[in-house]
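S.K.: Shown below is the structure under consideration.
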Amino acid sequence: MTVLLAAEEVTKSFGSLRAVDGVSIEVRQGEVFGLAGPNGAGKSTLFNLLTGIPIRPDSGRVLFGGREVQHRSPRWLAKAGLKRTFQTEAVFESLTVRENVRIGSAYGGAGRTARWDRARCAEALEQVELGGDPDRPADGLSLIDRKRLMIACALVSRPSVLLLDEPAAGLDPADQDALIRLLTRIHATGTTMVIIEHVLSVLEALADRMAVLDSGRVIVTGAPADVLTDARVVEAYLGP
Ligand code: ADP
Ligand code: MG
């Protein structure tokens, strides 16, 4: 078992608020790792600390592929194989579908040509099953298709680890199922995933292991079936 991505005792405060408080997690190569927890628990802040955007930990280390990376830029991390999506469907509405995906590519080296871009964009759009004319504007896309586009923007760099911040937010149950099927297929191609999700059924369906954060701390880690029935988790969600 190889640990691909790890946080070791990572802490981040905003003023007097400890948003992430001594968090340690280990993401193993090939797994889907879930992160859950109530609003404000520190999930997105932890993602920011793992991906170098736009903050650094006050203390603790982030390891990717065994190397310390907490001081690395998002671009460096993307080139090294770590890509993320954001909680909002942050697509550029005034650009076309293809232009959005093209911008997502972290590869800027020799050999990147218009033809290379077309091929890589087509591959990423195929992976997320976003059909139709790639030269249409992104602003007409439905919510699930925006999510597909956002994921394509990350996949175009062929990441080894993909981090998704609440990908199911706002989707109805049918689209949630479509998303689960999509992420299952992407995972099957060998992509390790970390998924923050409020919709716990999504983590139940996808995650090999998961952690629950509450007030900046990991309260439970384990298999979803065990974690989601743990009394501490039930209390964190329902309150005392
Ligand atoms: P989650 O994603 O679990 O809902 P967040 O990581 O977004 O939680 O936020 C954790 C806590 O940190 C919240 O109380 C939030 O208001 C606070 N927070 C997050 N980012 C910042 C920031 N840049 N400045 C100040 N407070 C922040
Ligand atoms: Mg969040």
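S.K.: With a 1.4 Å probe and all protein chains left in place, how much of the accessible area of the chain comes from carbon and sulfur atoms, in whole percent?
M.R.: Values: 5540 of 10900 Å².
After summing per-atom areas, the C and S share lands at 51 percent.
S.K.: Between 0 and 90 degrees, rounded to the nearest ten: what's the tilt of helix 114-127 against the longest Cα principal axis of the chain?
M.R.: 50 degrees
S.K.: With every protein chain kept in place and ligands, DNA and RNA left out, what is the accessible area per residue of the stretch 178-231? Probe 1.4 Å, answer in Å².
M.R.: 40 Å²
S.K.: Can you tell me the alpha carbon radius of gyration of the stretch 1-75 divided by the globular rule-of-thumb value 2.2 N^0.38 Å? Could the numbers behind the result be given before it?
M.R.: Details: Rg = 12.0 Å, N = 75, 2.2 N^0.38 = 11.3 Å.
That ratio works out to 1.06.
S.K.: Would you mind giving the three semi-axes, in whole Å and largest first, of the ellipsoid equivalent to the stretch 1-135 according to its Cα gyration tensor? Please report the intermediate quantities before stating the final value.
M.R.: Details: eigenvalues 193, 61, 42 Å².
They are 31, 17, 14 Å, listed from largest to smallest.
S.K.: Where does the longest stretch of the chain lie that holds no GluC sites (Glu not before Pro) found in a DSSP loop with 15 or fewer other Cβ atoms within 10 Å?
M.R.: 130-240
S.K.: Let me ask another. I'd like the antiparallel share, as a percent to the nearest 5, of DSSP beta bridges with both residues in the chain.
M.R.: Bridges in the chain that DSSP calls antiparallel: roughly 55 percent.
S.K.: Sticking with this one: For q values of 0.13, 0.14, 0.23, 0.29 Å⁻¹, compute log₁₀ I(q)/I(0) with the Debye formula on a Cα-only model of the stretch 174-240, without solvent.
M.R.: Those come out to -0.40, -0.46, -1.02, -1.33, one per q.
S.K.: What whole-number value in cubic angstrom gives the convex hull volume per residue for the C-alpha atoms of the chain?
M.R.: 128 Å³
S.K.: Sequence gap at least 6, Cα distance under 8 Å: using those rules, report the relative contact order of the stretch 1-64 to the nearest whole percent.
M.R.: It comes to 44 percent, rounded to a whole number.
S.K.: Please state the relative contact order of the chain as a whole percent: Cα pairs under 8 Å, 6+ residues apart? Kindly include the intermediate steps, with their values, before the conclusion.
M.R.: Working: 464 pairs, mean separation 64.0, N = 240.
It comes to 27 percent, rounded to a whole number.
The values are calculated or read from the model by the stated rules, or taken from the named source; none is laboratory data. As the structure is a prediction and not an experimental result, all values here were calculated from the model. Virtual Cβ from ideal backbone geometry, glycine too; neighbours counted across all protein chains shown. SASA here: full protein model, heavy atoms, side chains in, ligands and nucleic acids out. Shrake-Rupley method; radii C 1.70, N 1.55, O 1.52, S 1.80 Å.
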